[in-house]
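Each remark here refers to the structure printed beneath this line.
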Amino acid sequence: QWCYQSQYSCDDICRAVLALPPSLRIRAGDLPTTYKAVQLHLHWGVNDGPGSEHTVDGEQYPMELHIVHIQEQYNTLKEAMSDTAGVAVLGFFYEVSTEENQKFNHLIQALGRIPYNGNTSNVTEFRVTDILPSLENLASYYRYSGSLTTPGCDEGILWTVFQQPFSVSQQQVEKIDDFLINTISP
């Protein structure tokens, strides 16, 4: 289920959230245990500005995708936050390309159904793997212990941010802006 959340005025960065089924799991890349996915969210900039929350060598990207996971023994994100290794987040950068990313259009279509802050929409026929890079592009990453990037900025998050960005077209970025930003009530 997608939910558009604007915790801020959306002057700079906005996000949309998708709750994920608990059947999605990760265990690799020196993670201490197995984690189950709970949600993914996308951060993007407005007016062609950068939207990524991480930078690499001072560079920000137009968008960043976060997939939030909790250790298997926990039932909620709040419960997992009590453990310093209870939450693991995977971060992926998007860069603008001349080529349209056909698989990313599924995500754009889902976002088009939730144009207002607080709206939700059930999304069928959506596969997380459709919006992720291929396995060979997941070999290089940064790993650190940090915090959530949204308020309350809780500490103890195990971050994995992948070095290889994947591409979307400028038109696809603009569609996200059009769907969500232009419908915000003052």
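The values are calculated or read from the model by the stated rules, or taken from the named source; none is laboratory data. These figures come from a predicted structure and were not determined experimentally. Cβ: placed from backbone, ideal geometry, glycine included. Neighbour counts: every protein chain shown.
Here are the numbers:
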| item | result |
| --- | --- |
| Residues (part of a loop (DSSP other than H, G, I, E, B) and surrounded by 20 or more Cβ atoms within 10 Å (Cβ to Cβ)) located in region 55-69 | Tyr61, Pro62 |
| Sole exception among (1) surrounded by 15 or more Cβ atoms within 10 Å (Cβ to Cβ); (2) modelled with pLDDT under 70; (3) at positive phi; (4) of a type outside the set (A, V, I, L, M) for Phe179, by number | (3) |
| Unmet criterion (only one of (1) part of a strand (DSSP E or B); (2) more than 19 Å from Asp178 (Cα to Cα)) for His41 | (2) |
| Tabulated pairs, region 90-116, first more than 27 Å from Glu59 (Cβ to Cβ), second aliphatic (A, V, I, L, M) and modelled with pLDDT under 90, C-beta under 7 angstrom, 6+ apart or interchain | Ala110/Val123; Ile114/Ala16; Pro115/Leu180 |
| Leu107 aliphatic (A, V, I, L, M), at pLDDT below 85 and closer than 30 Å to Gln71 by Cβ | yes |
| Criterion (in a loop (DSSP other than H, G, I, E, B), modelled with pLDDT of 80 or more and over 14 Å from the mean Cα position of the chain (by Cα)) met by exactly one of Pro21, Pro50 | Pro50 |
| Residue match in region 75-86 (condition: more than 20 Å from Leu148 (Cα to Cα) and not small (Gly, Ala, Ser)) | no |
| Filtered residue count, region 135-151, keeping only those that are modelled with pLDDT of 85 or more and of a type outside the set (Lys, Arg) | 9 |
| Residue match in region 34-47 (condition: at pLDDT below 80, closer than 25 Å to Pro62 by Cβ, small (Gly, Ala, Ser) and buried (at least 16 other Cβ atoms within 10 Å of the Cβ)) | yes |
| Exclusive hit being surrounded by 12 or more Cβ atoms within 10 Å (Cβ to Cβ), in contact with a Phe, Trp or Tyr (Cβ under 8 Å, 6 or more places away or on another chain) and modelled with pLDDT of 80 or more, set Gln163, Gln170 | Gln163 |
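Residues are listed down the side, and each one gets a yes or a no for (1) out of contact with any Ser or Thr (no Cβ under 7 Å at 6 or more places or on another chain); (2) farther than 25 Å from Leu77 by Cα; (3) among the small types (Gly, Ala, Ser); (4) at pLDDT 75 or above:
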position	(1), (2), (3), (4)
Asn117	no, no, no, no
Thr120	yes, no, no, no
Val123	yes, no, no, no
Pro133	yes, yes, no, yes
Cys153	no, no, no, yes
